[in-house]
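Got a structure for you, questions after.
Readers should treat all values here as calculations from the given coordinates under stated rules, not as data from a laboratory. All values reported here derive from a predicted model rather than from experimental measurement. Note that each Cβ is placed from the backbone with ideal geometry, even for glycine, and that neighbours are counted across all protein chains shown.
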Amino acid sequence: MENKSKLGVHALVWVGGWSHEECRTAITKTAELGYDYIEIPALDPSSIDVKYTHTQLKENNLGATVSLGLPRHADISSEDPEVVARGESILIDALNVTRDIGGTHMCGVLFSALTKYMHPKTERGINNSAEILYRIAEKAKTAEVAIGIEVINRYETNLINTGAEAMEMLKLIGSNNVSVHLDSYHMNIEESGLGNAIRGCAKRLGYFHIGESHRGYLGTGNIDFRDIFKALLDIGYTGPITFESFSSAIVAPDLSNILGIWRNLWEDSYDLARHAKEFIEVQQKSAQETFRNEH
């Protein structure tokens, strides 16, 4: 069995914003290292110059995906109709950006605010989120954009913290254009087993983030990447795999503070991204050898 996943890198490895200069830098360097695509954060979709971004992607023969998390005042899992409406509006704007830059996936914390909640989720909030995401997913079909809901830890949402919860949410949403988006950093906090969590989402896993337990260089933390890549191969996963890492060396004010990026885990973005690609490819090759030996 061969790995067919495309490899990408999160734009915050390179830049903290998306000015023309930052856009050009992030896209050029991603392409130089041989990645297949770049993941562009769109917490504020209006900050992305769609035409310029699309041109840069085409000139560098690079693909793109978009990710975001909703703010508190636009939380679609709220019980306040006005707050929910604001959230739907942001998701529509982000979807339009994804479509217009030629992006293939829109993923992340699309189902709630990206924040520390001080109360448990509510049934009404869950249903509000599912209803909005159904509408977004159906709109995304015509734009040929796949939707992914990211499973993140309890300190960043109260709605979906495990792969199993994401699978239940997919049932509520009821669209075949929504998949599970897993992230090794969050899985390391919440799941009882990394490989088992991946296998539990096998039929609906559509996007994967690779990140270390401290969000720094891959292989220098506590995550068992052998287990992860073996499970991805076992289920025949061929979706995108994005390297995601954060350091106080690159600051995006809207996101860095929310995620608690207080430590300087790296300074050389190019070396970090180069190492990550090589690390992932080695892990994929090792998983293939293990798979062949077992079969």
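How would you rank 255, 232, 170, going from fewest to most other Cβ atoms within 10 Å of each one's own Cβ?
Details: 255 17, 232 26, 170 21.
With the sparsest Cβ surroundings first, the list reads 255, 170, 232.
Now for a different question. Identify the chymotrypsin sites (Phe, Trp or Tyr not before Pro) of segment 87-147 meeting these criteria: DSSP loop state and at most 13 other C-beta atoms within 10 Å of the C-beta.
Working: sites: 111, 117, 134; in loops: 117.
Here no loop site has a sparse enough neighbourhood.
For segment 113-156 and segment 1-74, what is the separation of their Cα centres, given in Å?
The two parts, judged by their Cα centres, are 22 Å apart.
List 76, 48 from most exposed to least, where exposure is judged by having the fewest other Cβ atoms within 10 Å.
Least crowded to most crowded, the residues run 48, 76.
By average Cβ neighbour count within 10 Å, what is the ranking of 285-294, 239-248 from highest down?
239-248, 285-294
Another question about this same structure. Please figure out what share of the DSSP beta bridges in the chain is antiparallel and state it in percent, rounded to the nearest 5.
Of all bridge pairs located within the chain, approximately 0 percent are antiparallel.
Further question: Between the DSSP loop rule and a limit of at most 13 other Cβ atoms within 10 Å, which trypsin sites (Lys or Arg not before Pro) in segment 54-118 are left?
116
For the pairs 203/230; 6/277; 230/285; 116/139; 4/285, flag any whose C-alpha to C-alpha distance is greater than 18 Å.
On the way: 203/230 16 Å; 6/277 11 Å; 230/285 10 Å; 116/139 29 Å; 4/285 12 Å.
The answer is 116/139.
Okay, next question. What is the local net charge at residue 274, summed over the other residues whose Cβ is closer than 13 Å to its Cβ (Lys, Arg +1; Asp, Glu -1)?
For residues surrounding residue 274, the net value is -3.
May I pose another question? For a quick check: sort 261, 101 by the number of other beta carbons within 10 angstrom, fewest at the front.
Numbers: 261 20, 101 24.
Taking fewest neighbouring Cβ atoms as first place, the list is 261, 101.
Classify segment 137-295 as rounded, prolate or oblate, taking a ≥ b ≥ c as the square roots of the eigenvalues of its Cα gyration tensor: rounded when a/c is under 1.5, otherwise prolate if a/b is larger than b/c and oblate if not. Before the final figure, lay out the partial values.
Values: a/c = 1.63, a/b = 1.11, b/c = 1.48.
It is oblate, given that a/c is not under 1.5 and a/b is not larger than b/c.
Based on the mean of other Cβ atoms within 10 Å per residue, sort peptides 20-28, 176-184, 3-11 so the most packed one is first. Mind showing how you got there, number by number?
Details: 20-28: 17.2, 176-184: 23.9, 3-11: 20.3.
Those peptides, ordered most packed to least, come out 176-184, 3-11, 20-28.
Ignoring everything except DSSP H segments at least 4 long, calculate the 222 nm mean residue ellipticity for the chain; use -39,500 (n - 2.57) per segment, divide by total residues, nearest 500.
So the calculated ellipticity at 222 nm is -14000 deg cm²/dmol.
If R0 is 41 Å, what FRET efficiency do you get for residue 72 and residue 214 from their C-beta distance, rounded to 0.05?
The computed FRET efficiency comes out at 0.95.
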